[in-house]
Amino acid sequence: MSDKELQVRDKRELESEGERTRPGPVFVPAVDIFESEAEITLLADMPGVASENVSIDLHENQLTVSGEIEPLTSEKEEYLLQEFETGTFHRQFTLSDRIDQNAITATVKDGVLRLVLPKAEKAKPRKIEVKAG
Amino acid sequence: MTIIKWRPGRSGSRFDPFSEMQRLQREMHRIYNTLAGTQEGSRAAGVYPHLNITEDEDSYYVRAELPGVDPEDIEITTQDNDLIINGERKIPPEGANVSYHRREREAGSFRRITSLPTPIDSSKVAAVCKNGLLTITLPKAPAVKARQIDVKPA
């Protein structure tokens, strides 16, 4: 057990995102984004989203991640307490580096999406040696 | 068109339309939340994780969003009417050579206790964690279940 206790935070709801075809609230997933020399990795918390319901779209430098959820309860159930709402997850990012689109991999485990975006050859940093004149 | 009453003498003598608009916005937000019945801190316990509790004729269902929590790291205990959910969310380090652009996800331990309205049959409690969504099914104790009594003709 770690010493740190998790603090409860309300899910961030997306205020406006154009007109949607599906009704219901839209939430912004919490993400970690980190970069190594070869790739950019994105981790997004999307509880309740199965791997087949995740959609990832990369257009130009615009990355869109979204996930649909299945209904939580059966018809017979009645709410006694509701502290969280469920809905679609949606978030957009602008990537600065060039990404090798064919090599993108995505996995979902325990409701966390892991998206690995390898950088295209051009975008990898190069060391430039300065020669003595 | 909304007419805002000008109140001189409050914060000097100048009418400040911006603070007045903000006040109105806050007020509308509060009214909206009350009407929509959203929690806004009134019913939520403020302890991780948030819970949704439902019931049907036979059982209570307790649900929590626990993304990135290994089912092995969740411990569920029941005692009389109480349900205790213990666990830890681990975020393994990603190597020394990475630089972070965003870090919004948090790791840590959690412990939440909640009480159910009636006794439960603790021997039949079942818990499933699928895609980071925990569902605990707690059957009601037999004595609690509503019984239907047929009236026989005399």
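The values are calculated or read from the model by the stated rules, or taken from the named source; none is laboratory data. Not measured: the values here are computed from a predicted model. FYI the Cβ positions are ideal-geometry reconstructions off the backbone, even for glycines, and counts take in every protein chain you see.
Can you name every residue in region B:76-116 that is in contact with a strand residue (DSSP E or B) (Cβ under 7 Å, 6 or more places away or on another chain), over 15 Å from A:Val31 (Cβ atoms), outside any strand (DSSP E or B) and within 11 Å of chain A (Cβ to nearest Cβ)?
B:Leu116
Touching a Phe, Trp or Tyr at 6+ places or on another chain (Cβ under 9 Å), part of a strand (DSSP E or B), within 14 Å of chain B (Cβ to nearest Cβ) and in contact (Cβ under 8 Å) with a residue 12 or more places away in the chain, is that true of A:Leu63? Give the steps one after another, and end with the answer.
Working: touching a Phe, Trp or Tyr at 6+ places or on another chain (Cβ under 9 Å): yes; part of a strand (DSSP E or B): yes; within 14 Å of chain B (Cβ to nearest Cβ): yes; in contact (Cβ under 8 Å) with a residue 12 or more places away in the chain: yes.
Considered against the rule, which asks whether it is touching a Phe, Trp or Tyr at 6+ places or on another chain (Cβ under 9 Å), part of a strand (DSSP E or B), within 14 Å of chain B (Cβ to nearest Cβ) and in contact (Cβ under 8 Å) with a residue 12 or more places away in the chain, A:Leu63 comes out as yes.
Looking only at residues in region A:78-103 that are closer than 15 Å to A:Ser36 by Cα and touching a residue at least 40 places away in the same chain (Cβ under 8 Å), which one is farthest from the other protein chains (Cβ to nearest Cβ)? Break it down into steps so the answer makes sense when it comes.
If we filter region A:78-103 for residues that are closer than 15 Å to A:Ser36 by Cα, which is where we start, we get A:95-100.
Next, only the ones that are touching a residue at least 40 places away in the same chain (Cβ under 8 Å) stay: A:95, A:97, A:99.
Details: A:Leu95: 10, A:Asp97: 11, A:Ile99: 14 Å.
Filtering first and then ranking leaves A:Ile99.
Go through the residues of region A:38-55 one by one and say whether even a single one is among the aliphatic types (A, V, I, L, M) and in a helix (DSSP H, G or I).
Let us first name the residues in region A:38-55 that are among the aliphatic types (A, V, I, L, M), namely A:38, A:40, A:42-44, A:46, A:49-50, A:54.
Pick out the ones that are also in a helix (DSSP H, G or I) and you get none.
So far as region A:38-55 goes, no, none of its residues is among the aliphatic types (A, V, I, L, M) and in a helix (DSSP H, G or I).
Is it fair to say B:Val62 is closer than 22 Å to A:Arg9 by Cβ and either at pLDDT below 95 or in contact with a strand residue (DSSP E or B) (Cβ under 8 Å, 6 or more places away or on another chain) (or both)?
Values: closer than 22 Å to A:Arg9 by Cβ: yes; either at pLDDT below 95 or in contact with a strand residue (DSSP E or B) (Cβ under 8 Å, 6 or more places away or on another chain) (or both): yes.
So B:Val62 fits the description; yes.
Which residue, of A:Lys109, A:Lys76, A:Lys122, is basic (Lys, Arg) and more than 24 Å from B:Glu65 (Cβ to Cβ)?
Details: A:Lys109 fails: more than 24 Å from B:Glu65 (Cβ to Cβ); A:Lys76 fails: more than 24 Å from B:Glu65 (Cβ to Cβ).
Result: A:Lys122 is the single residue among A:Lys109, A:Lys76, A:Lys122 that is basic (Lys, Arg) and more than 24 Å from B:Glu65 (Cβ to Cβ).
Under the condition of being over 30 Å from A:Ala38 (Cβ atoms) and among the basic types (Lys, Arg), which residue from region B:75-125 is surrounded by the fewest Cβ atoms within 10 Å (Cβ to Cβ)?
Once the filter is applied, the top-ranked residue is B:Lys124.
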